[in-house]
1. Condition (residue is more than 19 Å from N273 (Cβ to Cβ), under 22 Å from the mean Cα position of the chain (by Cα), among the aliphatic types (A, V, I, L, M) and part of a strand (DSSP E or B)) applied to region 29-51: is it met by at least one residue?
2. Could you check R110 against (1) at pLDDT 95 or above; (2) of a type outside the set (A, V, I, L, M); (3) under 29 Å from A298 (Cβ atoms); (4) in contact with a helix residue (DSSP H, G or I) (Cβ under 9 Å, 6 or more places away or on another chain) and say which number it fails?
3. Can you find a residue in region 269-284 that is surrounded by fewer than 17 Cβ atoms within 10 Å (Cβ to Cβ) and farther than 22 Å from H127 by Cβ?
4. If L303 satisfies every condition in (1) modelled with pLDDT under 95; (2) within 28 Å of F235 (Cα to Cα); (3) buried (at least 20 other Cβ atoms within 10 Å of the Cβ) but one, which is the exception?
5. Need a quick list: strands (runs of 3 or more DSSP E) entirely within region 219-308 having at least 1 residues that are within 16 Å of the chain's Cα centre (by Cα) and of a type in the set (F, W, Y).
6. Give the residues of region 186-206 that are surrounded by fewer than 13 Cβ atoms within 10 Å (Cβ to Cβ) and either hydrophobic (A, V, I, L, M, F, W, C) or on the phi < 0 side of the Ramachandran plot (or both), sorted by residue number.
7. So which helices (runs of 4 or more DSSP H) stay within region 100-202 end to end and still have 1 or more residues that are under 30 Å from G255 (Cβ atoms), touching a residue at least 12 places away in the same chain (Cβ under 8 Å) and not aromatic (F, W, Y)?
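The values are calculated or read from the model by the stated rules, or taken from the named source; none is laboratory data. These numbers come from a predicted model, not from an experiment. Counting neighbours? That spans all protein chains shown, and the Cβs are built from the backbone with ideal geometry, glycine included.
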Amino acid sequence: MTTADFGPAATLPMLRLRAELMRAVREFFDRQGYWEVDTPLLSAEIVVDAWLEPFACAWLPEPTQWQSTTSSLRYLQTSPEFAMKRLLAAGADAIYQFGKVFRNGEAGHRHNPEFTMIEWYRVGDDHHAQMDVTEALVRTVITHARQLLTVSSRTARVDAVLAGPSFLRMSYDDAFAAATGVKPLTAGTSELHHLAERKQLTPPPGLDAEDRDGWLNWLLAELIEPHLGRDIPVFLCDYPASQAALAKTHRRDDGVEVAHRFELYIDGMEFCNGYHELTDAAILRERIIAQSAIREAAGYRPLPRDSRLLDAMDVGLPESAGVALGFDRLMMFAVGADKIDDVIPFPFDRA
C-alpha cells in the first residue's frame, strides 16, 4: 500500500458524471412505471450458476465463538434475482433494483469483484418486450452522458450508436454460422473440435473433450463475441436450451430446443442478460441440481439447493421477463473509458 492508494481511481468529475447517470437510470424506470426495491445483499440463499463463484461469509451469533462449527454460511449475492422474483410471486408488478453485486475471482479491465448492477422485471412481458426496454435504457444513458460531456470528450462511437438504426437481433445459431459456417445448435462435439482445429485454436487446460457447453462457451468467446455489435449493437438471442439458466425454452420447427434468453453486445462487450422467466418450480429444481453437479465435479464449493424462490414458484410465479445489466460497463461505453477502474471510485485493489 502506498500513500497514493487513498484516492479514488476515477476522477472526481467522472464520479459526478456517474451520479448524474445513476439519476438518469432511476428517472427512466420511474417514467416506465417501475418502482425501486431493495433486497438483501447478504443471504443464506444464492443464485446457483456453475461458473459464478459467490463470496461466502460466516454468520456468527456469538462472535467470540468464531471457531465453532455451529456458524453458518451466508452469501454476498451475485444477483438479486431470487429475492426479486419472490417479490413478483408476492404480487409486485414492475420492479427494479440498482445496487451492488459480488462475484468472487472476477477482476480485470472489464470486471471488478464488487460492481453495480441494474436488474428489473415486469409481469406480462416476454424477452422481446424487454429487448425494447433495454435498448431504450441504453440510449437514454448514453444520450445523457453525451449531453454532459465536453465536445472534446465525446466519442464518435457513441454518436454512431445514437444516430444508428434500432439494435440488431440475431440468433445464437446465425451468429455462429456467419462467423464460422457452423450451426452450433445441431453440431456435435467432434464438429466443434474440428472448428477449433480449422481456426488454429488450442483449447484451454481442463476443457473436457465431451463438455459440449464448455466448448460452445469457449468458441463463442474466441470467435464470435469480439465481433458482435461492431457496426450496430446486437441482441444475441435463442441460446442453447442447455444454457437457459432461469429462462423458459421452446422447441423450434426443426425440433431443436432453444432458450428465451438474450444478451446485448456493443463493440464486442457484453452488457446484459435477459430472460423470459421460467415459472415451473420442478424444472428449476432439476436445473439447480444439474448446475450443482457441474460445480462439484469441477471441484467448486457446493451451494445450497433449496431456496424460498422454489417455495414461491410452487405457489405461483407470474409470467414475466427480466434483465440484469452491468451499469459500470454501460458507463464505460458512454464515456469512452477503456477500463472499469476509470468509472468507479475504489476498485478491488484500493478497497
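1. Scanning region 29-51, I find at least one residue that is more than 19 Å from N273 (Cβ to Cβ), under 22 Å from the mean Cα position of the chain (by Cα), among the aliphatic types (A, V, I, L, M) and part of a strand (DSSP E or B), so the answer is yes.
2. Evaluating R110 over (1) at pLDDT 95 or above; (2) of a type outside the set (A, V, I, L, M); (3) under 29 Å from A298 (Cβ atoms); (4) in contact with a helix residue (DSSP H, G or I) (Cβ under 9 Å, 6 or more places away or on another chain) leaves (1) as the failure.
3. No, because not a single residue in region 269-284 is surrounded by fewer than 17 Cβ atoms within 10 Å (Cβ to Cβ) and farther than 22 Å from H127 by Cβ.
4. Going through the list (1) modelled with pLDDT under 95; (2) within 28 Å of F235 (Cα to Cα); (3) buried (at least 20 other Cβ atoms within 10 Å of the Cβ), L303 breaks only (2).
5. 234-240, 257-266, 269-276
6. T186, G188, S190, E197, R198, K199, T202, P204, P205
7. By residue number, 127-148, 172-180, 189-198.
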